[in-house]
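Everything below concerns the one structure shown next.
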Amino acid sequence: MRMDGLSPQERRALRSLKTPEGIQRFLDDDVAYNNGPASFRSPRRVLRDRLAHCLEGAMLAAAALEELGHAPLLVDLEAVRDDDHVIAVFRQQGYWGAIGKSNYAGLRFRTPVYRSLRELVMSYFEHYYNLQGEKTLRAYSRPVRMTRFPAWRTVEHDLWEVAGHLAGLPHYELLPAKFSLKRFRMDRRLYDAGRVGSVS
């Protein structure tokens, strides 16, 4: 018997999502975007409150993926002049995919067709931008297995230790050094598409 603290009802709720695509639909349709004061809700609190930002959504996704037999893994995407973004990653038949909760339409699900983690992360580059229309993604962390944090699925306090650990990890640069200071601009159509459904 697993001793992760989830109730039978919570476990059934996570298992009912059935697939990575189902987990993403739940985050999109049943969980509002958390644009309020800083918080780091556990999956239990997200299930109860139906509210999450990217890290909270990624932790919920990791817990649901774990119920489906995947390792609960998070990756931190690091940006310049912008917020970091956290995704839950998984592998199917040796290929990487991802689940994400975001205020930007393009920073969410990735079908598991990517041969490497770097290839997966690069798929976010064109869609990762700030309100000034600048493409900001620059680096990514190694996957972090959430089981390193005791009771991460169910605690009632904010999980600042998870946020701090992700931010403090070494990150792998995505772009060649000659591009590190370059500012890449969005075109207006892609900018507007990425803001569909956003919360102010």
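Coupling constants for the range 32-43 follow from the phi torsions by the Karplus curve (6.51 cos²θ - 1.76 cosθ + 1.60, θ = phi - 60°), and in residue order they are 6, 6, 8, 10, x, x, 4, 8, 9, 5, 6, x Hz; glycine and proline get x. Give the angle, between 0 and 90 degrees and rounded to the nearest 10, that separates the Cα long axis of helix 54-67 from the longest principal axis of the Cα atoms of the chain. Roughly 50 degrees between the two axes.
Relative contact order of the chain: 23 percent, from C-alpha pairs under 8 Å at least 6 residues apart in sequence.
Label zone of Tyr172 (point 7 Å out along Cα→Cβ, amide N under 15 Å): in the range 55-77 this covers 74-77. Mean residue ellipticity, 222 nm, helices only, the chain: the sum of -39500 (n - 2.57) across DSSP H runs of n ≥ 4, divided by residue count and rounded to 500, is -8500 deg cm²/dmol.
We did not get these values from a lab; they are worked out from the coordinates using the rules stated. All values reported here derive from a predicted model rather than from experimental measurement. Because the Cβ atoms are built from the backbone with ideal geometry, glycine has one as well, and the counts that use them run over all protein chains shown.
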